[in-house]
Amino acid sequence: MTDSVLRTLFSRRMLICVFTGFSSGLPLYVLLTLTQAWLKTEGLSLRVIGIFTLVQLPYVLKFLWSPLLDRYALPWLGRRRSWMAVFHIALLGVIAWMGFLSPKQDLTLVIVLALLLAFLSASLDIVLDAFRRNLLPDIEQELGSTVHVNAYRIAGLVPGSLAFVLASYLPWSQVFLITALFMLPGLMMTLMVSEPRASLRAPKTLREAVIEPFHEFMTRHGWKPALFIFAFALFYKLGDSLCGALTTAFYIEMNYSLKQIGLIAKNVGLWSSVAGGILGGMLMMKIGLNRALWVFGVLQALSTLGFVVLARMGPAEADAVRLWVLSGVICFEMFSAGLGTAALVSFIARTTHPALVATQFALLTSLVAIPRTLINATAGWQIEDLGLGWFNFYWLCFFLAIPGMLLLLKVAPWNGTPPTTPIDNSEATH
């Protein structure tokens, strides 16, 4: 690793990316892991838990209100930071509130709060993505995206590891409250940093904020290439996302306790994520974004096969061998899926215009969220009602990774060059 890469990696901008990633990932993993374990231990069926993933719909629809966050700012802290502060505070309150409810007795209110949590989290993602894109120069986008994504995944250790261990000793109300308090570091970061210069220029009208991002994107890339980019954003993480839809419920059905899942299955992912983040950033700078998308895409597809092995082993007492196998599977999955996500986020950043980033970034990441929200909602139905079972379900996830890889031939050929953004980052096209 060269001195310049080391200086960039340990710079203040990369430290900010750690905080943006952590704040972005924590609310999502509350929905994906903590809430799933909560519902499962309270006796809800896989079908209900699978359908519950539909509360993540705001992640798919966030491009609809992203122009509002781009056009309007609150009268303090600045265009991006004011919204960041509000959403951090609101998320802290909603996450803490959920723990005081009972999924069986208050299911309707639980669903409403989960929808509100998803809306606030998706809104925070809009402003965090725009803030990070404006903060980093183009040359640092790949490394910054890698740091952000791995901090995002490390944030999952709070609701997916620490909270699981705490749930063995504390009531759910205290578990959710402690988890909610981890939104405070991102709030402190928001109050301490400055507004990026590139984000100071806002659209002059709401129409300009709504129409221009779509017009600029389609005209700059061309209609046909733009449609391929949209399809790629939709399919690249399809198999990996569906694979992770019900992993917590899967571990529980395989007879792993919440404490084992928290201490072993989740914690082992921390170091693999850190290693993946450092290696991924170096590889993207070394071999280029296009080749990284290919290599990381293959690895994230192969990581699905580890769950095939676990499903083949079936439920049994968690002896030392099974715990080692589980640790290895989770380690490889966290490592490779994190690499794939980092490369995809870097690709999206490259395709957006810095002056119109809030809406363009929100549109593309909304497409990425479709499998996690709509298709993942069918996971319980596929396993139970369709009769696939866990073994065949994970094989299906592996084959669903193929369409995204084929689209790389169009959007990021092996020997091609990655998308480039306009040279002048300070000048809007409107």
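Between helix 320-351 and the chain there is an angle of about 20 degrees, using the helix long axis and the longest principal axis of the Cα atoms.
Relative contact order of the chain: 28 percent, from C-alpha pairs under 8 Å at least 6 residues apart in sequence.
Take the Cα of residue 194, step 7 Å toward its Cβ, do the same at residue 54, and the gap between the two points is 4.8 nm.
With respect to the chain, whose longest principal axis is taken over its alpha-carbon atoms, helix 289-313 is tilted by about 10°.
Each 5 Å bin from 0 upward holds the following percent of the Cα-Cα pairs of the range 214-360: 2, 9, 16, 18, 15, 13, 10, 7, 5, 3, 1, 0. In square angstrom, what is the accessible area per residue of the range 63-187 with a 1.4 angstrom probe? Ligands and nucleic acids excluded, the figure is 35 Å² per residue. Isolated cysteines of the chain, defined as having no other cysteine beta carbon under 4.7 Å away, are 17, 331. The calculated Kirkwood hydrodynamic radius for the range 117-172 is 13.4 Å, given to one decimal from all distinct C-alpha pairs.
Taking one quarter of the surface of the convex hull spanned by the alpha-carbon atoms of the range 168-271 gives a direction-averaged projected area of 12.0 nm². Think of it as helices only: each DSSP H run of n ≥ 4 in the chain is worth -39500 (n - 2.57), and spread over all residues that comes to -21500 deg cm²/dmol at 222 nm. How much space per residue, in cubic angstrom, does the convex hull of the C-alpha atoms of the range 57-114 take up? Convex hull volume per residue, Cα atoms: 89 Å³. Spin-label pair residue 259-residue 384: with each label point 7 Å from Cα along the Cα-Cβ axis, the two points sit 2.8 nm from one another. Relative to the longest principal axis of the Cα atoms of the chain, helix 81-98 runs at roughly 10 degrees.
With the largest listed first and rounded to whole Å, the semi-axes of the equivalent ellipsoid of the range 377-419 from the Cα gyration tensor are 33, 9, 6.
Computed from the Kirkwood radius of its Cα pairs, the Stokes-Einstein diffusion coefficient for the range 287-426 at 37 °C and 0.692 mPa s stands at 191 µm²/s. Check cross-link reach from residue 204 to the aspartates and glutamates: straight Cα distance under 18 Å, and skip same-chain residues fewer than eight apart. By straight Cα distance, residue 204 reaches 70, 212, 216, 427. Segment residue 227..residue 64, full-extension length gain: 56.8 nm, with 0.36 nm per residue of separation and the alpha-carbon distance subtracted. Tell me, how many Å apart are the Cα centres for the range 53-70 and for the range 144-169? First find each Cα centre; the distance between them is then 23 Å. Backbone geometry of the range 389-394 corresponds, through the Karplus equation with coefficients 6.51, -1.76 and 1.60 at θ = phi - 60°, to 3J(HN,Hα) couplings of x, 5, 4, 5, 4, 6 Hz, x marking Gly and Pro.
How much of the accessible area of the chain, probe 1.4 Å, is carbon plus sulfur, in whole percent?
After summing per-atom areas, the C and S share lands at 70 percent.
Listed values [x] 33, 25, 20; [y] 50, 30, 18; [z] 37, 27, 20 include one computed from this model; for semi-axes √(5λ) of the Cα gyration tensor in Å that value carries the label [x]. Solvent exposure of the range 320-377 amounts to 22 Å² per residue of accessible area, where only protein heavy atoms count and the probe is 1.4 Å.
The values are calculated or read from the model by the stated rules, or taken from the named source; none is laboratory data. Computed from a predicted structure; not experimentally measured. Cβ atoms come from the backbone with ideal geometry, glycine included; neighbour counts cover every protein chain shown. Heavy atoms of the whole protein, side chains included, go into the accessibility calculation; ligands, DNA and RNA do not. Shrake-Rupley method; radii C 1.70, N 1.55, O 1.52, S 1.80 Å.
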